[in-house]
1. Please count how many residues of the stretch 109-148 are at pLDDT below 70, closer than 18 Å to residue 21 by Cα and hydroxyl-bearing (Ser, Thr, Tyr).
2. Against the definition (closer than 26 Å to residue 48 by Cβ, at pLDDT 95 or above and part of a strand (DSSP E or B)), how does residue 62 come out, yes or no?
3. Return yes or no: is residue 105 polar (S, T, N, Q), part of a helix (DSSP H, G or I) and at pLDDT 70 or above?
4. Which ones in the stretch 65-79 are part of a helix (DSSP H, G or I) and either surrounded by 17 or more Cβ atoms within 10 Å (Cβ to Cβ) or at pLDDT 95 or above (or both)?
5. Within the stretch 26-59, count every residue that is assigned to a strand (DSSP E or B), farther than 15 Å from residue 14 by Cα and among the basic types (Lys, Arg).
6. Quick check: is even one residue across the stretch 27-35 of a type in the set (A, V, I, L, M), out of contact with any Ser or Thr (no Cβ under 7 Å at 6 or more places or on another chain), exposed (fewer than 13 other Cβ atoms within 10 Å of the Cβ) and modelled with pLDDT under 95?
Amino acid sequence: MTTKPLPKTVLAFDYGLKNIGVAVGQTVSFTGRELSALKAQDGVPNWHLVEQLLKEWRPDLVVVGHPVNMDGTASELSQRAKKFANRINGRFGLPTELVDERLSSREAKQEAQERGHKGSYGDNPIDSIAARIILETWLNQAQAKQTH
């Protein structure tokens with residue numbers, strides 16, 4: 001007899017130096033949705049706002065996009081994203097996972113354009129769209145594991 005895993009709430013971050021995209025999803029319907037991006041100062045978020053998100057959504061897991069190069073090698077940004085994930089784990093005691101995010105930004109820009117977004121002004125949705133794409137990548141992998 002196989003046991004079904006308990007439903008999980010998952011919070012996803014698309015780490016960046018100026019903005020950090022945010023999305024939330026769950027393993028009941030395996031869907032996610034975008035939240036407002038966080039501003040960052042050279043990759044450092046307002047940790048109080050991160051804490052507020054974690055208290056509001058109470059995730060069982062946090063996924064962070066891992067921006068590796070197209071050949072799979074680490075970049076400076078991928079090291080910083082890993083450090084960001086480690087800080088979430090260390091500060092808040094939440095499990096974190098890195099998710100390969102190659103091409104998520106390109107896909108997010110294309111989706112934003114299709115929605116009628118014309119550039120990077122005002123509330124730019126690209127970072128949180130990318131976070132949702134990263135989350136959906138994780139959810140698709142989790143769903144595949146569950147069905148096999």
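The values are calculated or read from the model by the stated rules, or taken from the named source; none is laboratory data. The structure displayed is predicted, hence computed values, not measured ones. Neighbour counts run over all protein chains shown; Cβ positions are idealised from the backbone, glycine included.
1. Final tally of qualifying residues: 2.
2. Working: closer than 26 Å to residue 48 by Cβ: yes; at pLDDT 95 or above: yes; part of a strand (DSSP E or B): yes.
Considered against the rule, which asks whether it is closer than 26 Å to residue 48 by Cβ, at pLDDT 95 or above and part of a strand (DSSP E or B), residue 62 comes out as yes.
3. Values: polar (S, T, N, Q): yes; part of a helix (DSSP H, G or I): yes; at pLDDT 70 or above: no.
So residue 105 fails the test.
4. Of the residues in the stretch 65-79, the ones part of a helix (DSSP H, G or I) are 76-79.
Of everything in the stretch 65-79, those that are part of a helix (DSSP H, G or I) and either surrounded by 17 or more Cβ atoms within 10 Å (Cβ to Cβ) or at pLDDT 95 or above (or both) turn out to be 77, 78.
5. Narrowing the stretch 26-59 to residues assigned to a strand (DSSP E or B): 26, 31-41, 44-45.
Restricting the remaining residues to those that are farther than 15 Å from residue 14 by Cα gives 26, 31.
Then keep just the ones that are among the basic types (Lys, Arg); that gives none.
Residues in the stretch 26-59 being assigned to a strand (DSSP E or B), farther than 15 Å from residue 14 by Cα and among the basic types (Lys, Arg): 0 in total.
6. Of the residues in the stretch 27-35, the ones of a type in the set (A, V, I, L, M) are 28, 35.
Then drop every residue that is not out of contact with any Ser or Thr (no Cβ under 7 Å at 6 or more places or on another chain), which leaves 28.
Filter once more, so that each one left must be exposed (fewer than 13 other Cβ atoms within 10 Å of the Cβ): 28.
The next check asks that each one be modelled with pLDDT under 95; those that pass are 28.
Yes, some residue in the stretch 27-35 is of a type in the set (A, V, I, L, M), out of contact with any Ser or Thr (no Cβ under 7 Å at 6 or more places or on another chain), exposed (fewer than 13 other Cβ atoms within 10 Å of the Cβ) and modelled with pLDDT under 95.
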